[in-house]
Amino acid sequence: MKIKSLLTIFLIAAMIVAPSGCLSEKSNETKPVEITFSAAISLSDALKDMGTEFQKKNPEVKINFNFGASGTLEKQIEQGASVDIFASASQLEMESLDGKGLIIKSTRTNFTRNKLVIIAPSRLTIEELKTLDKIAIGDPKTVPAGRYAQTFLENTGFFEMLKSKLIFAENVRQVLDYVERGEVDAGFVYFSDTLKSNLSVSSINDSLYPPILYPIAIVNDSQQPAISRQFIDYIQSNEGQTILSKYGFG
Amino acid sequence: MDFSPLVLSLWVSALSTSIIALFGTLIAYVLARKRFFGRTMLDAFTTLPMILPPTVTGYYLIILLGKNGIIGNHIYKLTGWNIMFTWQAAVIAATVVAIPIMIKSAKAAIESVDIEYEKAAFTLGKSEFETFFLVTLPLAKKGLIAGLVLSFARALGEFGATIMIAGNIPGKTSTMSLAIYRAFQSGDDQLATTLVVFLTMVSIGVIYITTRISRTD
C-alpha cells in the first residue's frame with residue numbers, strides 16, 4: 001500500500017515536471033536547427049571536431065552524431081530512423097541504400113580514405129599472426145573494417161588457417177578496445193584508429209584489399225537538406241580535410 | 001538454416017541451470033536457515049545481478065575474469081587460458097544473471113517449510129545433511145522447481161552480460177539472443193524471425209509450466 005501511494009506520488013510528480021521542463025527549454029529564444037548524422041565509428045573523433053568547428057560558425061545548428069558500424073547504421077536507415085546525413089566506411093552500405101532509393105543520389109560523394117593496419121602490443125608480420133591465440137576483426141556482416149580484413153586474409157591465403165582464432169567485434173573501435181585491454185593478441189583496425197593508441201602498428205600491403213573510400217550522402221527523407229548540404233560542403237572544404245588528415249585520414 | 005545458436009543456447013542454459021541448482025539452493029538454504037554476521041549483505045549481494053543492468057554485471061565480470069582481471073590474470077598466468085570470448089564465459093554470464101531468481105524462489109520455499117519437521121528429524125538422529133535431503137528438499141520441491149524453470153528461462157534469454165564477456169562469435173558464443181541481434185543487424189530477417197518465434201514459444205512454455213507447478217497442491 002505504502003509503495004503504491006509512493007509510486008502514485010512519483011508518477012504525478014513526473015507528469016507535472018516533465019512537460020514543464022520541455023516547455024521551458026523550448027521557450028528559450030530560437031530553437032536550434034538539429035540534424036542527425038549517422039557515421040562510421042572510425043570517423044567519430046574527426047567528425048566531432050568538425051562538428052564543433054561548424055557549430056561555432058553556425059550557432060543555430062546542432063549536429064547530433066550517431067556513430068556505429070556502417071552496416072548497423074545502414075539497417076537503421078532502412079528501418080526508417082530519421083537521419084539527415086549518412087557516411088559509411090565502405091561503398092557497400094551506401095550502394096545498398098542507394099539501390100533502395102533511400103539517399104539523394106546527387107549528394108553522394110567520396111570525401112576521404114583510410115588504410116587497414118594490424119595493431120598489437122608489438123610489431124608483427126602476417127606470418128606471425130599464425131602464432132597468436134586470438135585476433136579481433138570487425139564482424140564482416142556489419143563492419144566494413146572486418147570485411148576489408150577478411151578480404152585481405154583471403155587474398156594472402158591465411159584466412160582458413162586463422163579462421164578459428166578470429167573474434168568478431170561489433171565495430172572497429174571495439175577491436176581496438178579488445179587489443180588495448182589485452183583480451184586478444186592483435187586486431188585489424190584503420191590507421192586512423194591507431195593515432196591515440198600506444199600499441200604498435202604494423203602496416204600491410206594495401207593492394208590486397210579494396211581501396212577504403214568513405215562515401216557520404218544526404219538521406220532521402222531528411223528534414224534539413226540545406227543545412228546537411230552545408231555541413232557536407234564543410235567536410236569537403238580545406239578546413240574539413242585538414243581536420244581529417246590530422247586524425248590520420250586521407 | 002544454422003542451428004548452432006539453438007544448440008549452444010540450450011547447452012549454455014542447461015549447464016548454468018545445473019550450477020544454479022547446486023549453488024542457488026545451497027545459498028538459499030543458508031540464507032533461510034542460518035543466522036550469521038553478514039547475512040543481509042550476502043542476501044543483497046546475491047540479489048544484485050537481478051537489479052543491475054546486465055551490461056553492468058558484464059562489466060564487473062570483465063574486471064574480475066578478463067585477461068588482466070583480478071581473478072582472470074591469475075588464471076591466465078597459471079594456465080594460459082583466457083576465459084573471454086569462450087562459451088564458458090557465456091555459461092558464467094548466464095549463471096550470474098539467473099542465479100538470483102533461484103535464490104529468491106528457493107529461499108521463500110525453504111522458509112515456508114515448517115522448521116518443526118526439521119527439528120523432529122534432528123531429534124531422531126538425522127544429520128543436517130540428511131535432514132536437508134529427506135525433509136526440507138521434498139517439502140520445498142515446488143518452489144525449487146519453479147525457481148529452476150525461471151532461471152533456465154532467464155539464462156536462455158541472457159544478452160547484455162554475455163555479449164560483453166563472451167562476444168558474439170558465430171558457432172562459438174553466439175547464443176540465440178545474440179544471434180537474433182546479429183541477424184537483425186545484418187538484415188537476415190528470416191533467421192531473426194525463426195529464432196524470435198522459437199524463443200517466444202519456449203517462454204510461453206515456461207510460464208505454462210511454472211503456473212502448473214504453483215497450482216498443483
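What follows draws every value from the coordinates through simple rules; no lab data is involved. Everything numeric in this text was worked out from a predicted model, so none of it was measured. Cβ: placed from backbone, ideal geometry, glycine included. Neighbour counts: every protein chain shown.
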* Can you tell me the alpha carbon radius of gyration of the protein assembly as shown divided by the globular rule-of-thumb value 2.2 N^0.38 Å? => 1.19
* Whole Å is fine, so just give me how far the alpha carbon centre of the stretch B:1-71 lies from that of the stretch B:112-166. => 15
* Structure fact -> Taking Cα atoms only, helix A:225-236 is inclined relative to the longest principal axis of chain A by an angle, in degrees rounded to 10, of 40
* **Across A:LYS165/A:LYS196; A:LYS105/A:LYS141; B:LYS34/B:LYS172; A:LYS246/B:LYS77; A:LYS165/B:LYS107; A:LYS105/B:LYS172, pairs whose alpha-carbon gap is larger than 32 Å** => B:LYS34/B:LYS172; A:LYS246/B:LYS77; A:LYS165/B:LYS107; A:LYS105/B:LYS172
* Output ³J(HN,Hα) for the stretch A:237-242: one whole-Hz value per residue in order, computed from phi by the Karplus curve 6.51 cos²θ - 1.76 cosθ + 1.60 with θ = phi - 60°, and x for Gly and Pro. => 5, 4, 4, x, 5, 5
* Dipole size in debye (nearest 20) for the protein assembly as shown around its Cα centre, Lys and Arg Cβ +1, Asp and Glu Cβ -1? -> 1180
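How much of the pair distance distribution for chain B lies past 22 Å, counting alpha-carbon pairs only, in percent? Spell out each step's value before the answer.
Working: 13266 of 23436 pairs.
For chain B, the share of Cα pairs beyond 22 Å comes to 57 percent.
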* To do: Specify which residue in the list B:MET164, A:ILE126, B:THR210 is farthest towards the positive end of the charge dipole of the protein assembly as shown, using unit charges on the beta carbon of Lys, Arg (+1) and Asp, Glu (-1), about the Cα centre.
  => B:THR210
* Structure fact -> Between A:PHE111 and residues 5 or more places away or on another chain, the pairs with built amide H atoms under 5 Å apart involve A:TYR214, A:ILE216
* Structure fact -> In degrees rounded to 10, the 0-90 angle between helix B:54-65 Cα long axis and the longest Cα principal axis of chain B is 90
* Asked: Which percent, nearest 5, of DSSP beta bridges in the protein assembly as shown are antiparallel?
  -> 50
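What does the net charge come to around A:ASP177 if you take all other residues with beta carbon closer than 12 Å to its beta carbon, with K and R at +1 and D and E at -1? Show your work: numbers first, answer last.
Working: positive: A:ARG173, A:ARG181, A:LYS196; negative: A:GLU170, A:GLU180, A:GLU183, A:ASP193.
Its environment carries a net charge of -1.
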